[in-house]
1. Please pick out the residue among 207, 190 that is closer than 26 Å to residue 335 by Cβ, surrounded by 19 or more Cβ atoms within 10 Å (Cβ to Cβ) and within 23 Å of the chain's Cα centre (by Cα).
2. Within the stretch 258-293, restricting attention to residues that are touching a strand residue (DSSP E or B) at 6+ places or on another chain (Cβ under 9 Å) and in a helix (DSSP H, G or I), which residue is surrounded by the most Cβ atoms within 10 Å (Cβ to Cβ)?
3. Examine the stretch 294-315 for a residue that is at pLDDT 90 or above and touching a strand residue (DSSP E or B) at 6+ places or on another chain (Cβ under 7 Å), and state whether such a residue exists.
4. Restricting to strands (runs of 3 or more DSSP E) lying wholly in the stretch 322-385: which have 3 or more residues that are under 30 Å from residue 311 (Cβ atoms) and modelled with pLDDT of 90 or more?
């Protein structure tokens, strides 16, 4: 029997998973064309045996420049600040030159910002929130693969970035496995009863289509995952139950959402606030928790998302939609399916670039790359200076 770290089939080497909405039509099976909402969220994850940016053993890095960083940071007067800034920039330039001689592109202005490149021998998880990235890495430590990590991170984002990502998101994913790219379109359709052009593209109940992310999690895991599906929910449920401290960026999302929803969703604001801000918008650094969020995720995990589309959660969603006068129905939820599709690609400067086909916006990226191919554009737009 294969050990947890050596699954019986070769694990997927790379996955790009985005839980984002699309705005182009996708129709219900045997129904009329419909419009997508514009929900946004994301969670890209990769799993590699070696960072693709470097081949061969990594060289030892040069010693850091001997700059008095603390002294420069404490120079607050105008003259000293200008002098300090010049000194710091000179130090950075010298260090960048030494780095460039050692490891090439990593020393370019694109990579020599506040964050240094992340190198790892076995796996890399990249998300917009560190706690979600940690959830993905936890799946790797438990013997999971890149897909397990991607799904766990996406689920966790619904908790740790609740105003940017939600259980009601959509999902698209690309998986590189055994020399081939697989694409999963997990975007939701608008209600079957919605007439073309009759969907509010901004905010509110009428902008809501069928949430595709939960089914997408299950379908992605069902084809490529190796850990039990319920296990992928453990970090997210834990953060929802026990809470986590809000970073300034997440707090800003809360503040902006509260202001906007109070203005444009006056009739439904209390429903949002009762879940996300029962005691008002939490302060930066405050611990935020949501037991109802944890209960919903637990229910989704226990029966492979069936409760969400054809069970108790589906009944609750349909009942709330009906009370708000929205066309989203129980049948809309029950009919939802993800689709495995063939990704599109173009050859660009020695690389094959893959994107998802419509109804996603990936084709716009490929068109832009083909246009750039015909232009004399420097590989490093920031230039040598």
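1. After applying the criteria, what remains is 190.
2. It comes out as 276.
3. No, the stretch 294-315 has no match at all.
4. Those strands (runs of 3 or more DSSP E) span 339-341.
Here is a yes/no grid of residues against (1) in the same structural domain as residue 150 (by TED's automatic domain parsing); (2) in a loop (DSSP other than H, G, I, E, B); (3) within 30 Å of residue 345 (Cα to Cα):
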{"site": "169", "(1), (2), (3)": "yes, yes, yes"}
{"site": "185", "(1), (2), (3)": "yes, no, yes"}
{"site": "190", "(1), (2), (3)": "yes, yes, yes"}
{"site": "195", "(1), (2), (3)": "yes, yes, no"}
{"site": "214", "(1), (2), (3)": "yes, no, yes"}
{"site": "255", "(1), (2), (3)": "no, no, no"}
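The values are calculated or read from the model by the stated rules, or taken from the named source; none is laboratory data. Keep in mind the model is a prediction, meaning the values are calculated, not measured. Using ideal geometry, Cβ is built from the backbone for each residue, glycine included, and neighbour counts are taken over all protein chains shown.
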